[in-house]
Structures are given as structure tokens and as C-alpha cells.
Amino acid sequence: MIMTDDIQASKEEYDFRVSSDEAGERLDSLLSDCLESYSRSFLQTLIRSGAVTVNGKNTKPGLKIAESDLIHVEVPPPDPLDILPENIPLDILYEDEDLIIVNKPKGMVVHPAAGHYSGTLVNALLYHCKDSLSGINGVLRPGIVHRIDRDTTGSLIVCKNDASHRAVAAQLKEHSITRKYRAIVHGRLTEDGTIHAAIGRHPQRRKEMAVNVAGGKDAVTHYHVLETFSQFTYIECQLETGRTHQIRVHMKSIGHPLLGDEVYGPSKCPIAGLQGQTLHAMTIGLIHPTSGEYLEVEAPLPEYFEQLLKKLRG
């Protein structure tokens with residue numbers, strides 16, 4: 001399935017082209033797999049309301065889809081009352097009137113989605129910042145200008161007003177923001193390198209991204225070897241672009257998936273107790289939207305990462 005998404009302040013829209021492998025599935029089942037943020041019952045309600053069309057026509061949740069069908073989904077704007085402030089502790093790395101940069105913990109989702117409105121970073125930010133968050137990305141994503149995966153830890157910029165949001169978003173679009181990650185990958189890397197391979201939705205495994213697929217977007221990752229162990233390598237990755245799952249997909253593409261990655265790594269993790277990929281957004285740097293000066297912030301490695309390195313060093 002080829003999927004594109006268009007995130008707006010008022011609603012979210014998705015377009016899917018059905019692949020041969022997906023032909024014959026129920027419409028609601030397929031959408032539930034593709035749009036993990038939404039529950040199946042919520043998607044069934046959308047279908048019945050006419051917010052989902054197949055080849056331009058309204059339909060039913062149980063429709064058996066055919067190869068090359070075009071599915072269009074419109075998720076209406078959410079009720080802002082559903083997103084409540086929660087007193088969840090934040091590890092704040094930097095804060096002023098324009099920005100707040102937080103060190104996101106492992107396992108925390110960045111923003112709410114239908115049927116999942118609590119325990120997210122946004123809930124914590126609403127409690128901490130009150131009304132001081134930009135509204136450009138709507139009520140589900142106040143202040144959120146970029147994201148990192150649930151099991152990725154580290155630095156995340158949040159904007160407190162629309163002017164700072166626009167300024168930071170422009171830097172992200174220009175790929176001028178410094179973003180350095182720490183990761184542990186399978187196998188032994190002995191030299192630094194650069195991976196330049198477009199990333200797009202995997203044509204068969206729709207929850208995954210892949211390199212060099214139809215509709216993929218240009219992506220560049222530079223990696224630097226920090227330390228080599230018997231079966232793993234500790235690296236620093238610097239992004240030129242910011243595609244979904246970029247580091248995870250790029251490292252898999254060269255045969256060195258991230259340790260603990262349940263999607264792109266081996267089916268069985270060799271380190272007991274790991275939950276999700278060993279990936280940490282350590283350094284983030286940008287031009288401050290008001291002062292015009294360069295601001296760089298570093299998030300220390302989380303304890304689990306430090307302990308893992310000690311274990312690997314033996």
C-alpha cells in the first residue's frame with residue numbers, strides 16, 4: 001500500500017492505494033493496521049459517517065477492497081476538551097518565552113490520537129505551559145513542531161507561540177537544525193559513513209518504512225563510530241533530513257539494524273529486558289527564533305543506555 005498524509009491544523013487526511021497483497025481485506029481491518037493511532041471502532045464510525053471513500057464513493061466498514069482501489073480518509077478536528085493537562089514530570093533541558101526543549105523518556109508518545117488521549121508529552125506540556133503553546137498544528141499537537149518515536153529518548157523542541165513555531169518549522173524544512181543521535185547497532189562497523197537513500201512507505205509491510213521505494217523522499221544520515229564491541233557498535237548519527245524512522249531504516253539498509261528494534265531488527269533481541277530501539281536524540285541545535293543566536297542543547301544518555309554500554313564493555 002502506498003500512503004500519503006497531509007497534516008493540517010483542522011483535520012488530517014490520508015490517501016491509500018491498495019496493493020495486490022492487500023486485495024480482499026476488509027476496509028476497516030486494513031485501515032486499522034495502517035492508521036495505528038486510531039482504534040478500529042473509531043475508523044468504523046468514520047466510514048459510516050462518509051469520511052472514508054473508496055474510489056470516490058461512500059461505503060461500509062466490511063467492504064472487501066480490490067487491488068489499486070484508492071482509499072481517502074478525512075479525520076475531523078478533535079474536541080479540544082478531550083485533551084486534558086496532566087501533572088506528568090518533565091525533564092526540561094531549556095526554556096524561555098518562545099521555546100521549551102524537553103528530554104523525552106522512553107515509552108512516552110509525543111501527542112494524543114483518537115482513543116488515546118492521556119499520558120502523552122502533550123498532556124504534560126499542557127499542565128506545565130498552561131495556554132503558552134503554539135496552535136498551528138491544532139489541539140492534538142499544541143506546540144509540537146517535530147516528533148520522535150515512542151521508544152526513542154532525548155531532545156525535542158516545543159514552541160510556545162505561533163511565531164516561534166513558524167521559525168523553527170522553516171529551519172526543519174531547510175534541514176538547518178543540528179540533530180545528533182546516539183545508537184547501538186548490530187554488527188561491527190569500523191569506518192564512518194553516509195547513507196543517502198530515499199525513504200517511503202514499505203509496499204507490502206504497511207507499518208514499516210523502506211529505502212528506495214516508489215514515492216520515497218530524499219534522506220541522508222551520517223554516522224560516526226564511537227566504540228566497537230564483539231557483536232555491536234556504538235555510533236553517533238547526524239541527520240540531514242528528518243524522515244519517519246530514518247535512522248532505523250537507514251541502518252537496517254546497510255545490514256546494521258538498531259539493537260532492540262522490534263520492527264527493523266532481528267525477531268529475537270539478544271539482550272534480555274530491552275524495550276524498543278536503543279536510540280537517543282542527544283544534541284539539538286537551532287537559530288533561536290527571537291534572538292537570532294545559535295542555541296544548542298544536549299540530553300544526557302538515559303540510565304538504561306548507560307547501563308547497557310557498561311554491560312557491553314564487560
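Numbers below:
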item: Residue that is surrounded by the most Cβ atoms within 10 Å (Cβ to Cβ) [pool: residues in region 201-212 that are charged (D, E, K, R) and assigned to a loop (DSSP other than H, G, I, E, B)]; result: 206
item: Candidate set: region 132-160, residues that are among the β-branched types (Val, Ile, Thr) and at pLDDT 90 or above; chosen: the one surrounded by the fewest Cβ atoms within 10 Å (Cβ to Cβ); result: 148
item: Residues of region 33-43 that turn out to be buried (at least 18 other Cβ atoms within 10 Å of the Cβ), touching a Ser or Thr at 6+ places or on another chain (Cβ under 9 Å) and free of Cβ contacts under 8 Å to residues at least 40 places away in the same chain, as a count; result: 1
item: Given (1) free of Cβ contacts under 8 Å to residues at least 24 places away in the same chain; (2) crowded, with 17+ Cβ neighbours inside 10 Å; (3) more than 30 Å from residue 236 (Cα to Cα), number of the condition residue 120 does not satisfy; result: (3)
item: Any hit, region 179-187, residues being closer than 22 Å to residue 276 by Cα and over 20 Å from the mean Cα position of the chain (by Cα); result: yes
item: Filter result for residue 136 (outside any loop (DSSP other than H, G, I, E, B) and within 20 Å of the chain's Cα centre (by Cα)); result: no
item: Flag for residue 71 being part of a strand (DSSP E or B), open to solvent by less than 20 Å² (accessible area, probe 1.4 Å) and either among the aliphatic types (A, V, I, L, M) or modelled with pLDDT of 80 or more (or both); result: yes
item: Number of the exception - residue 81 against (1) in a helix (DSSP H, G or I); (2) at pLDDT 90 or above; result: (2)
item: Residue 292, sole failed condition from (1) closer than 12 Å to residue 181 by Cα; (2) free of Cβ contacts under 8 Å to residues at least 24 places away in the same chain; result: (1)
item: Residue 284 in contact with a Phe, Trp or Tyr (Cβ under 9 Å, 6 or more places away or on another chain), under 23 Å from residue 175 (Cα atoms) and of a type in the set (A, V, I, L, M); result: no
item: Checklist (1) open to solvent by 20 Å² or more (accessible area, probe 1.4 Å); (2) over 28 Å from residue 118 (Cα atoms) applied to residue 18, failing item; result: (1)
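The values are calculated or read from the model by the stated rules, or taken from the named source; none is laboratory data. Everything numeric in this text was worked out from a predicted model, so none of it was measured. Every residue, glycine among them, receives a Cβ derived from its backbone with ideal geometry; neighbour counts consider all protein chains shown. With ligands, DNA and RNA removed, areas are computed over all heavy atoms of the protein, side chains included. Shrake-Rupley method; radii C 1.70, N 1.55, O 1.52, S 1.80 Å.
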